[in-house]
Amino acid sequence: MHIKVKFLAYFRDLFQSREKIIALPEGARLRQLLGSLCDSAERHKAVFGKEESLSPHIVIMKNGVPVQNSGGLDAALENGDVIAIFPFIGGG
Amino acid sequence: MGRERESERYSRQILVPGWNQEKLKRATALIVGLGGLGSASALYLAGAGIGRLRLCDCDKVERSDLNRQVLYEESSIGSFKVEEAGRRLAALNPLVELEKLNVFLDSHTVGELVKGCQVILDGLDNLESRFILNQESFKKRIPYIYGAVHGWLGYAGFFHPPQTGCLACLMQPGLSQPEPVPVFGTVPGMIGLVQATEAIKWIQGIAPSLLGRLLIYDGLHLTFDLVNVDKNPACPLCSKK
């Protein structure tokens, strides 16, 4: 299956892309998608937190719905899903 | 100030299609946090002639605020922000009624703060206070215009459940951020003006463009992205009946 990943804010620089199409085996979950994207220590650190959990400092949305409270890294993926990734910011 | 002077003051904006000065005059907006975001939104809401601005902040002006918090000047250092902001805004537009609240936002004070306002503008600098405001906005059904900045980045969103999701759909409580947050003036200025624009549209009965969407502004690459934010069916706040 093919998943579209949209990078926003400084993730565009980090992943050197605005958008990527990633091929994954059927039944893959978000953890596998992110694992395949994070092919450097810097990328891995930006996405994964302690003990390989999802970093609390990023927001990931699947088809417009944030995954934070609905599956997280175990969120199931389907062919054609669109994943958006951007950092959390909090200054004012 | 006479009616004639009032008409003259707003003579350019009433030419804007769809503009309704009377609706704006009858409205109350709450701005929580008078920093970089709140400075920009307060100045432009006052200039536009909103009826009442409720200003909330308990901090004093520091020198390091002056690169971005355009309500203040060198002589403001050490004074309470609400007082300085009140002075500046009254000088800009004496027709606007100002409520200056030197109050710390927490779960005990938030109820009184939002009472009677049509819209809430977020000028805060931490997520914990934003969640308190978001929760009250949900409880009282008052729209909450989110804004946040960091470095070259600025975000803005318009949350109004059940029509849209809420901040808790998107982010989890307990996030930490570096102190001090890197920021320069134009980014909160840009986001604060977007927040003021959306507030004015809402008050005038025009659908806010950020309803259920997040604006991601990147000043470094000068990009503006709009991300649709659907309701999170597992949101700990707004998904509950």
Q | Whole-percent carbon and sulfur share, accessible surface of the protein assembly as shown, 1.4 Å | A | 52
**Q.** Cα gyration tensor, segment A:2-87 - rounded (a/c under 1.5), prolate or oblate
**A.** rounded
**Q.** Solvent-accessible area per residue for the protein assembly as shown (1.4 angstrom probe, square angstrom)
**A.** 45
Q) Residue separation times 0.36 nm, minus the C-alpha to C-alpha distance between B:L95 and B:H221: what's the value? A) 41.4 nm
Q. What lysines could a cross-link reach from B:K115, if we take a straight Cα to Cα line under 30 Å and drop same-chain neighbours fewer than 8 places away?
A. B:K23, B:K25, B:K60, B:K81, B:K100, B:K139, B:K140, B:K201, B:K231, B:K240, B:K241
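The values are calculated or read from the model by the stated rules, or taken from the named source; none is laboratory data. Being a predicted model, the structure only gives us computed values, none of them experimental. With ligands, DNA and RNA removed, areas are computed over all heavy atoms of the protein, side chains included. Shrake-Rupley method; radii C 1.70, N 1.55, O 1.52, S 1.80 Å.
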